[in-house]
Every structure is written in C-alpha cells, then in structure tokens.
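Trainee: Shown below is the structure under consideration.
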Amino acid sequence: MVKIDIRNLCAEYTDKKGTFLALKDVSFDVKNGEFVSVIGSSGCGKSTLLGVLQGLKFPSAGEAAIDGKPITGPGADRSVVFQNYSLFPWMSARSNISFAVKQVRKGLTRAQRNEIAQRYLSKVGLSDFGQKYPSQLSGGMQQRVAIARALAMDTDILLMDEPFGAIDAKNRSGMQELLLSLWEGDDTREKKTVVFVTHDIDEAIFLSDRIVMLSNSPGSVYKIMEIPFGRPRNHPQIIKTDAYHKLRDELFSLFYHNVGENIGGNEVVI
Ligand code: ADP
C-alpha cells in the first residue's frame with residue numbers, strides 16, 4: 001500500500017533576485033513500511049523535498065500526499081531527524097524524548113512518558129545517560145538520543161535529513177547498523193515508513209529498499225533503483241558480494257553521468 005505519494009511536485013523559492021525552481025515535476029511513491037533513500041549532489045533539492053514532506057514547505061505545483069491526503073502542515077504522523085541533532089540544550093536527554101512523546105502521543109502520564117524515554121535510551125545504548133544534557137554528550141551520543149526520540153514518538157513516518165552527516169566514518173557505520181536494527185527489529189508492530197536523505201551512496205545501498213536519485217537544477221527524479229539485498233542486512237557479508245559491487249559501480253556511474261549532464265561536469269561534492 002502506498003503511504004507517501006509525490007506527484008509532479010514543484011517547489012520554488014522567491015527572493016529579491018526572483019523566483020528559483022528547486023524541484024521540478026518530482027514523482028515517486030513510498031510504500032507502507034518501506035525504506036527509501038533520496039540521493040543527489042549538494043543543492044539538488046533533497047532538503048526541500050523533505051521540507052515538503054514535513055509540511056513546512058508548500059508545493060508551487062503538484063502535490064505530496066500521505067495516506068491519500070495532501071500534506072497541509074506538520075503532523076503527529078511524522079517525526080524528523082536532522083544532521084545537527086536538534087536536541088533542546090536546556091533539557092536532559094530523557095526530557096528531550098519525553099517532551100517529544102508528549103507532543104504526539106496524548107493521554108500518557110509523565111511516568112509513562114519517562115518509561116518510554118528510558119526504554120528507547122536503552123535501545124540506543126544510553127540507559128545511563130538519561131540525566132545528561134546535550135552539551136555533556138558527544139555528537140554521536142546526541143544523534144543516538146535524536147534517533148531514540150524519533151522512534152519513541154512512534155509515528156508512522158520517519159523523515160531523516162543526513163542524520164549521520166556530522167558523524168565520523170568509523171562511528172557512522174555503527175549508527176547505520178543501529179538504525180537498521182531498530183527499524184527491522186521490532187516484530188510487534190508495523191515497520192515505519194522511512195524517507196532518508198543522504199549524499200552517501202554506500203549508506204543508501206546498505207539502508208534502503210529503493211533509492212531515488214535526483215538530478216540537479218532543478219531537482220527532478222533521475223533514476224529509481226531497487227536494492228536487491230534481503231533483510232536483516234549484514235554489512236560485512238553484503239560488501240563481499242559481486243551484486244553489491246555491480247550495483248555500487250552502476251550508482252556511481254549514474255551519479256557522475258547525471259551530475260555531468262546537468263551541471264556541465266563541474267566538480268561535485270558527494
Ligand atoms: P540539498 O538538500 O540537496 O543540498 P536544498 O533543498 O537545500 O538542496 O536546496 C535546493 C536548492 O534550493 C539550492 O539551489 C538552494 O540554494 C536553494 N534554496 C534552498 N533553500 C533556499 C531558500 N530558503 N531560499 C532560496 N533558495 C534556497
């Protein structure tokens with residue numbers, strides 16, 4: 001069943017210099033419980049697309065809908081994880097989670113919210129850090145709190161904008177595995193539908209069911225690819241397979257072809 005339906009979506013920005021088209025005719029869907037990554041070079045409109053799905057940016061044409069209803073604003077059906085952790089600095093890790101849970105899950109007592117917060121802190125390996133403030137935690141720990149917070153909110157949809165972008169390569173793969181184990185691991189309820197923005201092709205292959213590659217200026221869908229690996233995924237095993245290397249080569253070659261075609265072969269940041 002389709003959870004998120006994006007049809008001929010256009011989005012633009014207007015400033016003193018005029019109107020700039022950031023997304024043009026973007027169409028794809030995300031099925032219930034699917035993990036879709038959106039990749040593309042810097043400035044191709046990935047965050048704009050996520051802004052539309054958050055309900056903070058409105059289409060200039062076309063539409064984005066959830067469960068068949070056009071998105072008209074932020075909703076309790078979506079939680080978001082950004083690159084910059086976005087925890088409230090004046091709240092402890094546990095209060096950050098408990099407060100977010102309060103916003104979307106009405107009718108819970110403070111004790112119930114705290115119990116949920118503590119449960120999710122332990123899922124991300126931070127059960128002893130609930131009383132700490134963000135400034136007392138490393139960047140990776142703060143991001144684990146942000147992930148715990150998003151999952152504790154128990155929304156149908158998880159929107160992630162380069163959540164591991166500020167994390168070094170060594171810890172990044174651990175974070176990817178943690179995210180997947182939390183997303184895959186809970187058999188007691190339906191999987192979250194995830195839209196994950198990244199500019200890291202390897203990350204997208206490891207995490208996703210499908211990858212949507214955007215082209216640049218204005219952003220539009222260049223290619224949609226299925227990832228053929230089953231779940232649960234084992235990273236060390238996957239990277240030993242020929243299928244992985246073939247897919248990776250294809251994606252890199254498409255990426256550079258795409259970028260070259262659209263911005264004239266300039267150097268790109270990926
Ligand atoms: P990405 O996330 O892929 O890096 P963005 O969605 O942030 O791309 O930006 C897409 C394009 O829209 C870029 O050219 C960017 O400069 C432009 N843009 C983004 N936000 C604004 C804004 N608030 N005002 C004007 N232009 C913007």
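The values are calculated or read from the model by the stated rules, or taken from the named source; none is laboratory data. Worth saying up front: this structure is predicted, and the values here are computed from it rather than measured. Cβ atoms come from the backbone with ideal geometry, glycine included; neighbour counts cover every protein chain shown.
Trainee: Would you call Asp161 out of contact with any His (no Cβ under 9 Å at 6 or more places or on another chain) and either within 23 Å of Asp249 (Cβ to Cβ) or surrounded by fewer than 19 Cβ atoms within 10 Å (Cβ to Cβ) (or both)?
Mentor: Criteria not met by Asp161.
Trainee: Still on this model: If you go through the stretch 9-53 one residue at a time, how many are of a type in the set (Val, Ile, Thr) and touching a helix residue (DSSP H, G or I) at 6+ places or on another chain (Cβ under 7 Å)?
Mentor: 3
Trainee: Are any residues in the stretch 193-234 assigned to a strand (DSSP E or B), charged (D, E, K, R) and either in contact with a Cys (Cβ under 9 Å, 6 or more places away or on another chain) or free of Cβ contacts under 8 Å to residues at least 60 places away in the same chain (or both), and if so, which ones?
Mentor: Within the stretch 193-234, Lys223, Glu226 qualify.
Trainee: Given the criteria within 17 Å of Lys31 (Cα to Cα) and out of contact with any Cys (no Cβ under 7 Å at 6 or more places or on another chain), does Leu180 qualify?
Mentor: For Leu180, the condition - within 17 Å of Lys31 (Cα to Cα) and out of contact with any Cys (no Cβ under 7 Å at 6 or more places or on another chain) - is not met.
Trainee: Tally up the residues in the stretch 6-16 that are surrounded by fewer than 20 Cβ atoms within 10 Å (Cβ to Cβ) and near the ligand (Cβ under 9 Å from one of its atoms), please.
Mentor: 4
Trainee: If you check Ile270 against the conditions, is it in contact with a Ser or Thr (Cβ under 9 Å, 6 or more places away or on another chain), closer than 22 Å to Ser41 by Cβ and either modelled with pLDDT of 90 or more or within 15 Å of the ligand (Cβ to nearest atom) (or both)?
Mentor: Judged against the criteria, Ile270 is a match.
Trainee: For Lys223, which of the numbered conditions (1) touching a helix residue (DSSP H, G or I) at 6+ places or on another chain (Cβ under 8 Å); (2) surrounded by 17 or more Cβ atoms within 10 Å (Cβ to Cβ); (3) of a type outside the set (Gly, Ala, Ser) fails to hold?
Mentor: Single failed check for Lys223: (2).
Trainee: Residues in the stretch 178-192: is at least one free of Cβ contacts under 8 Å to residues at least 40 places away in the same chain, under 17 Å from the mean Cα position of the chain (by Cα) and surrounded by fewer than 18 Cβ atoms within 10 Å (Cβ to Cβ)?
Mentor: No; the residues of the stretch 178-192 include none that is free of Cβ contacts under 8 Å to residues at least 40 places away in the same chain, under 17 Å from the mean Cα position of the chain (by Cα) and surrounded by fewer than 18 Cβ atoms within 10 Å (Cβ to Cβ).
Trainee: Picking from Lys3, Lys24, which residue would you name as being within 16 Å of the ligand (Cβ to nearest atom) and either in a loop (DSSP other than H, G, I, E, B) or among the charged types (D, E, K, R) (or both)?
Mentor: The unique qualifying residue is Lys24.
Trainee: Run Ile167 past the list (1) in contact with a Gly (Cβ under 6 Å, 6 or more places away or on another chain); (2) assigned to a helix (DSSP H, G or I) and report the number of the one that doesn't hold.
Mentor: Tallying (1) in contact with a Gly (Cβ under 6 Å, 6 or more places away or on another chain); (2) assigned to a helix (DSSP H, G or I), Ile167 fails exactly one: (2).
Trainee: Looking at the stretch 20-33, I want the residues that are among the charged types (D, E, K, R) and have a partner that is within 9 Å of the ligand (Cβ to nearest atom) and part of a loop (DSSP other than H, G, I, E, B) with Cβ atoms under 8 Å, at least 6 apart or on another chain. Which pairs are those?
Mentor: Lys24/Pro218
Trainee: Within the stretch 187-244, take every residue that is among the hydroxyl-bearing types (Ser, Thr, Tyr) and under 20 Å from Val80 (Cβ atoms) and give me the one that is farthest from the ligand (Cβ to nearest atom).
Mentor: Checking each candidate, the answer is Thr193.
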